[in-house]
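Here the structure comes first, spelled out in structure tokens, and everything after it is commentary.
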Ligand SMILES: NC(=O)c1ccc[n+]([C@@H]2O[C@H](COP(=O)([O-])OP(=O)(O)OC[C@H]3O[C@@H](n4cnc5c(N)ncnc54)[C@H](OP(=O)(O)O)[C@@H]3O)[C@@H](O)[C@H]2O)c1
């Protein structure tokens with residue numbers, strides 16, 4: 001622990017992700033305690049914790065852009081989470097419910113048991129598109145109410161001219177929570193102090209929600225092979241064999 005770090009204690013487990021360009025091949029890494037960092041509650045396993053910071057952070061930053069998360073949702077407002085069985089989608093559902101949204105979601109039939117569904121009479125106010133490709137957003141925006149915020153959060157860059165006037169599209173990346181300017185998916189994101197503050201507040205709140213069992217870590221599958229196994233895991237994913245679950249590798 002560095003001098004002057006008072007918000008964490010030696011022995012506590014913490015979770016975060018690393019920006020790709022800074023990924024060191026080390027068993028131990030240094031992270032600044034001043035940037036968002038999740039303290040992992042005792043009854044959350046390391047493997048469960050590995051599913052949280054990145055996917056949940058992605059869901060949270062998108063919800064913040066379209067609906068001022070974690071402010072309480074306006075009474076009766078409805079959000080459609082497209083791709084609700086993806087890692088990001090599963091967290092978007094949980095977070096949206098925690099702040100009072102009525103949630104409607106889509107997933108392939110085999111994952112319906114994982115998904116909390118609500119009836120969607122009259123259309124939706126917001127869309128969180130956790131897929132953002134293969135026609136997802138074109139289909140999702142059809143669910144918007146005629147009058148309402150009509151804001152859609154996207155996890156990948158899309159052609160924004162595809163949206164009809166009145167639809168507000170927000171593509172965001174989780175990396176801005178770490179406060180660095182980043183170039184990702186062909187777009188440049190400036191560093192923004194407000195995102196760091198949001199990230200810090202978010203992970204403190206997430207720790208509380210996990211302790212209170214109001215938030216659950218996503219399903220995961222531990223796979224063999226340590227770091228060398230990751231290549232196989234990527235192939236497994238590309239073959240479309242991962243569904244409703246995060247692959248986790250023990251590397252130490
Ligand atoms: N912007 C960012 O900062 C950021 C950060 C993290 C991830 N991402 C992006 O977010 C996306 C989701 O990542 P993830 O880790 O959540 O993915 P994931 O968990 O690997 O997604 C797999 C799930 O997606 C579902 N799915 C795939 N195609 C679908 C479609 N066309 N419609 C509905 N559901 C579909 C599958 O559902 P079924 O099994 O039910 O078919 C599967 O359960 C990826 O494109 C990733 O690159 C962006």
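Each reported figure results from applying straightforward, stated rules to the coordinates on display, with no laboratory input. Remember, it's a predicted structure, so these values are computed and weren't measured experimentally. With ideal geometry, Cβ positions are generated from the backbone for all residues, glycine too; neighbour counts draw on all protein chains shown.
Binning every alpha carbon pair distance of the range 3-110 at 5 Å from zero, what are the percents per bin? Each 5 Å bin holds this share of Cα pairs: 2, 10, 18, 18, 17, 15, 10, 6, 3, 1, 0.
Of all DSSP beta bridges located in the chain, what percent are antiparallel, nearest 5? Provide the component values of the computation, followed by the final result.
Numbers: 5 of 27 bridges.
Given both bridge residues lie in the chain, the antiparallel proportion sits at roughly 20 percent.
Residues considered: 58, 161, 78. Largest GNM mean-square fluctuation over the chain, using C-alpha springs under 10 Å, is found at 161. Given R₀ = 25 Å, FRET efficiency for residue 13-residue 188 by Cβ-Cβ distance, to 0.05? Result of the calculation: an efficiency of 0.15. Computed over the chain with a Gaussian network model linking Cα atoms closer than 10 Å, the most mobile of 199, 84, 123 is 123.
Listed by Cβ neighbour count within 10 Å, with the fewest neighbours leading, 35, 227, 154 appear as 227, 35, 154.
The calculated FRET efficiency for the pair residue 213 and residue 99, based on their C-beta separation and a Förster distance of 22 Å, comes to about 0.80. Counting beta carbons within 10 Å around each of 3, 195, 43 and listing the fewest first gives the order 3, 43, 195.
At 222 nm, what helix-only mean residue ellipticity would the chain give, in deg cm²/dmol to the nearest 500, using -39500 (n - 2.57) for each DSSP H run of four or more? Kindly include the intermediate steps, with their values, before the conclusion.
Values: 6 runs with 64 residues, N = 252.
About -7500 deg cm²/dmol.
In which sequence would 47, 213 go, from the one with the fewest C-beta neighbours within 10 Å to the one with the most? Don't skip to the answer; put the middle values down first.
Details: 47 15, 213 9.
Ordered by Cβ neighbours within 10 Å, fewest first: 213, 47.
Here the range 123-252 is treated as a Stokes sphere of Kirkwood radius computed over C-alpha pairs; at 37 °C and 0.692 mPa s its diffusion coefficient rounds to 184 µm²/s. Springs between alpha-carbon pairs under 10 angstrom, Gaussian network model over the chain: which of 221, 53, 130 fluctuates most? In this elastic network of the chain, the residue with the biggest mean-square fluctuation among 221, 53, 130 is 221.
At 0.36 nm per residue, and after removing the present C-alpha to C-alpha distance, how many nm does the segment from residue 134 to residue 46 gain when stretched out fully? Walk me through the numbers before you get to the answer.
Numbers: separation 88, 0.36 × 88 = 31.68 nm, distance 3.33 nm.
Going from the current span to full extension adds 28.4 nm.
Summary value for the chain: 20 percent relative contact order, contacts being C-alpha pairs under 8 angstrom separated by 6+ residues.
Reported to the nearest whole Å, the Cα centre-to-centre distance from the range 15-87 to the range 191-237 is 5.
With the cut-off at under 12 Å, measuring from each backbone N in the range 69-83 to a point 7 Å along the Cα-to-Cβ line of residue 168 picks out 69. Summarised in one figure, the compactness ratio Rg/Rh of the chain, Cα atoms and Kirkwood Rh, is 0.96.
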